[in-house]
Amino acid sequence: MLSATPFAFLKPFIPRRTQIAIRRMLINWISLHYKNVWPIDPTSATPPDGWQGWPDNKKFALILTHDVDTQKGHDNCLRLAEIDKRSGFRSSFNFVAEDYKLSDKLMDDLRSDGFEIGSHSISHRNPFMSKETFKKTVAKINKYLKDWNAVGFRSPSMYHNLDWLHDLDIQYDASTFDTDPFEPQSDGMGTIFPFWVAGNNGRPGYVELPYTLPQDFLLYILMRQKNIDIWKQKLDWIVQQGGMALFISHPDYMNFNGSNSPEKYPMQYYEVFLTYIKTKYKDQYWHVLPKDLARFWAANYRLKENINRKRRHICMLAYSFYETDNRIMRYADALANRGDIVDVIALRDEKAPEYEILKNVNVYRIQKRKINEKYKITYLYRLIVFLFKSSLFITGKQLKHPYDLIHVHSVPDFEVFAALIPKLQGGSIILDIHDIVPEFYASKFPGSKESFFFKALVKVEQLSIRFSDHVIISNHLWHKTLTSRSVNESKCTTVMNYPDEAIFYQRPRTRQDNKFIMLYPGTLGWHQGLDIAVRAFALIKDKAPQAELHIYGRGPERDNLAALIAELNLNDKVFIQDPLPINEIAEVMGNADVGIVPKKNDPFGGEAFSTKILEFMSLGIPVIVSGTIIDRYYFDDSVVKFFTPDDVDDLAQSMLTLLQSKKMRDTFRDNALCFVENYRWSKKKNEYFNLVDSLINQHEKT
């Protein structure tokens, strides 16, 4: 390793130009001996065990990072960030904490524009010279990580000791590379994929993100390249292999003003390379920040504890549109990713095929539906038809390949009885109550809780729960309601609708206009309060001519909302769009300025938890929320902008306040991003796996 050479020890005492001259001579010698493994090491293309591909079926992952080594680099950061923004990208900036004067405003501005802040250690020196030296820096590094709200670390000059890094409070490290014999510590990781570094001595593990494209300093300062051919060559190969393209550039060495300097290269090289990526590989890359890729990897490839586990045959059964139901998709994807065989039986809209495979999940759409029910009998008839169709379908599948577990999603509760044959043959049944049916029905068709229909639905709820082996309920208030009337606490688990970080993550803004977009995505039901949002928007439209309200969804209130929009002369300001698949709506949400969740404070809406709030938070979008009992239960005024439920004037004022105050929007965004860390599916899915496995194991023993 070059780190053991006399040059490494003498480096601090050698003039900078002499250092570069020596390194250039070493590079000429090294190039002759390592041409078969640099810039491409063919052996590094092997994907990890159980590889399922990148989210959204993208060909490769794209990660941009910038290391800021000096004060000059620090002062050029906004120029570099502007290049990324113009190209539609976002990146991480890794700062050295104590070598130069850091601007808090710079870091705030970068965060506000969707960039990530990371640690580049305390000083730009090798922190791993000895165990004692590293131990002395740990407390300081961890303090800066906390102060900067950072979760990633990169060591200076790519020195690394993956065992010692467990002492840092990080989710990922980025101090290694696939192959680079020119680095001072030249031991490459031999992979163009991230990998998991397991915890030790009671400390948690972390994700390692090796860089896979040569650094700009190597190419343009040391090798004195005059084009981007090596970057293009390596990127094209990574795309062919389906790997991760992660590269490092430095604002310190980019020439932004055209002056001549032996330690600068034209920033146009970087800009041209970004153009090359977005034109040649348009729609083929999964571009995220390092922290988001690390979360995805930790959630899906942390450990393969279940490699030797028997594959389970599991069915998701739902009177729902699978491709727009994040809760069901999240369960199904997680089970498929761990190796189970997953069938989904669901509804079909006009455009969807009757059968397709989505991310290794078998999706069967057995009944068409339009959400236009105005009468109780119409709604009930369609539910019963689906019950019979799904019962026949699931019985046919059961006789060919028995299910180990059926996970039934309510509404309606009585859909569990479609799993009668699997139940009789030893299959386990989970009833997942997304919405409490009696209260849901009362809100959809208003009536007294003393009515025959309400009492009948409570009885159906009790019978359905008795038939099931376990019940999942979607929030803690409804857990109290259910356990008070229908189920024992030992048979009921609260699993909220957590955002999947592989879908809901901070992403570059692709919308290039001066509009201020407020957005609601979801069901167009009465209790969602969208009429309140439309009326509130009408009060501010003249004060905010750049503002628009976009509504994505379908439901029984669509026609009423369209009529209200026309009545208030808002057709050029308020738009209702058809719902989009989860991956696509996440992109739309990530381009909004503010999210709106305007639920009414009726007995159902006031206690129905809206996962849209957590999704907006995960995307870094501030949210205006109706101050209902359920939302006050989970959130406070530091993470969302509350308004008084059902109060049009207060909602209008909240809209105007956030529109006029970027500082307030940024504060809500930053606080919410910290808050949502504890509400991620990657942290909760093992609880679901444990429940599934325990139910199946209990049946196998009986």
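Nothing in this text is a laboratory measurement; each read-out follows from the coordinates by a stated rule. What you see is a predicted model; the values in this text were computed from it and never measured. Methodologically, a virtual Cβ is constructed for each residue, glycine included, from the backbone with ideal geometry; neighbour enumeration extends over all protein chains shown.
When Cys674, Cys77, Cys315 are ordered from fewest to most other Cβ atoms inside 10 Å of their Cβ, what list results?
Cys674, Cys77, Cys315
Set the Förster radius R0 to 56 Å, insert the Cβ-Cβ distance between Ser694 and Asn149 as r into 1/(1 + (r/R0)^6), and round the FRET efficiency to 0.05.
0.95
DSSP loop trypsin sites (Lys or Arg not before Pro) in the range 231-290 with at most 10 other Cβ atoms within 10 Å of their Cβ, which ones?
Lys282
Scattering from the C-alpha atoms of the range 571-633 alone, worked out with Debye: what is log10 I(q)/I(0) at q = 0.21 1/Å?
With one equal scatterer per Cα and no solvent, log10 I(q)/I(0) is -0.94.
Given Lys72/Lys143; Lys72/Lys135; Lys368/Lys515; Lys140/Lys663, which pairs have Cα atoms separated by over 32 Å?
Lys368/Lys515
May I ask you to list the lysines whose Cα is less than 23 Å away from that of Lys459, ignoring any residue fewer than eight positions away on the same chain?
By straight Cα distance, Lys459 reaches Lys376, Lys423, Lys444, Lys449, Lys480, Lys491.
Work out, step by step, the length gained on full extension between Gln19 and Lys480: first 0.36 nm times the residue separation, then minus their alpha carbon distance; give nm to one decimal.
Gain in length upon complete extension: 159.1 nm.
Leu64: net charge of surrounding residues, Cβ under 11 Å, Lys/Arg +1, Asp/Glu -1, itself excluded?
That works out to -1.
Would you please classify the overall shape of the range 583-702 from the alpha carbon gyration tensor, given that a ≥ b ≥ c denote the square roots of the eigenvalues, rounded means a/c under 1.5, and beyond that prolate means a/b larger than b/c while oblate covers the rest?
In terms of gyration-tensor shape, prolate.
Counting only C-alpha contacts under 8 Å and six or more residues apart, can you give the relative contact order of the range 541-609 as a whole percent?
Once divided by the residue count of the range 541-609, the mean separation gives 30 percent.
Testing the spin-label approximation: label points 7 Å from Cα along Cα→Cβ at Lys455 and Lys351. State their distance in nm.
For the pair Lys455/Lys351, the computed spacing is 4.6 nm.
Quote the charge dipole size of the range 411-545 about the Cα centre in Debye, to the nearest 20; the model charges only the Cβ of Lys and Arg (+1) and of Asp and Glu (-1).
360
Normalise the Debye intensity by I(0) for the range 62-300, one equal point scatterer per Cα, no solvent, then take log10 at q = 0.17, 0.18 Å⁻¹ and round to two decimals.
-1.39, -1.59
Find out how many positive minus negative residues lie around Phe393, taking Lys and Arg as positive, Asp and Glu as negative, among other residues whose Cβ is under 14 Å from that of Phe393.
Around Phe393, the surrounding residues sum to +2.
Please arrange Lys612, Lys59, Lys400 by counting, for each residue, the other beta carbons lying within 10 Å of its beta carbon, fewest first.
Lys400, Lys59, Lys612
How much net charge surrounds Met496 when only the other residues with a Cβ under 10 Å from the Cβ of Met496 are counted, with Lys and Arg +1 and Asp and Glu -1?
So the surrounding residues net to +2.
So for Thr179, Thr481, Thr137, Thr324, fewest C-beta neighbours within 10 Å to most, what's the order?
Thr481, Thr137, Thr324, Thr179
Between (1) 1.00; (2) 0.98; (3) 1.27, which matches Rg/Rh (Cα atoms, Kirkwood Rh) calculated for the structure shown?
Correct label is (1).
If you take all C-alpha pairs in the range 516-678, what percent of them are over 26 Å apart?
Across the range 516-678, Cα pairs with separations above 26 Å total 18 percent.
In the calculated pair distance distribution of the range 444-522, what percentage of Cα-Cα distances lie above 18 Å?
When all Cα pairs of the range 444-522 are counted, 63 percent exceed 18 Å.
What does the helix-only formula give at 222 nm for the chain: each DSSP H stretch with n ≥ 4 adding -39500 (n - 2.57), the total divided by the residues, and the result rounded to the nearest 500 deg cm²/dmol?
Per the formula, -12000 deg cm²/dmol.
Among the complete DSSP H segments of the chain, which ones combine at least 27 Å of alpha-carbon extent along their axis with a mean Kyte-Doolittle hydropathy of -0.5 or more?
Within the chain the helices that satisfy the rule are 376-400.
To the nearest 0.05, what FRET efficiency results for Lys543 and His33 with a Förster distance of 56 Å applied to their C-beta separation?
For R0 = 56 Å, the calculated efficiency reads 0.20.
Output needed: percent of Cα pairs per 10 Å distance bin for the range 423-575, bins running from 0 to the one holding the longest distance.
9, 26, 26, 22, 13, 4, 0
Report Rg(Cα)/(2.2 N^0.38 Å) for the range 106-179, keeping two decimals.
Cα-based Rg divided by the globular estimate yields 1.11.
When we measure straight from the Cα of Lys600, which aspartates and glutamates land under 19 angstrom away, once same-chain ones fewer than 8 places off are left out?
Once the sequence-local aspartates and glutamates are set aside, what remains near Lys600 is Asp435, Glu439, Asp531, Glu557, Asp559, Asp631, Asp636, Asp637, Asp646, Asp647, Asp649, Asp650.
Pull up the cross-link candidates among the aspartates and glutamates for Lys573, meaning alpha carbon to alpha carbon under 12 Å and not fewer than 8 places away within one chain.
Partners found: Asp542, Glu548.
How big is the dipole moment of the chain about its Cα centre under a simple scheme where the beta carbon of each Lys and Arg is +1, that of each Asp and Glu is -1, and everything else is neutral? Debye, nearest 20, please.
Roughly 820 debye for the chain.
Along the charge dipole of the chain, Cβ charges K/R +1 and D/E -1, which of Ile122, Ser157, Val495 sits furthest on the positive end?
Sorting the options by dipole projection puts first Ser157.
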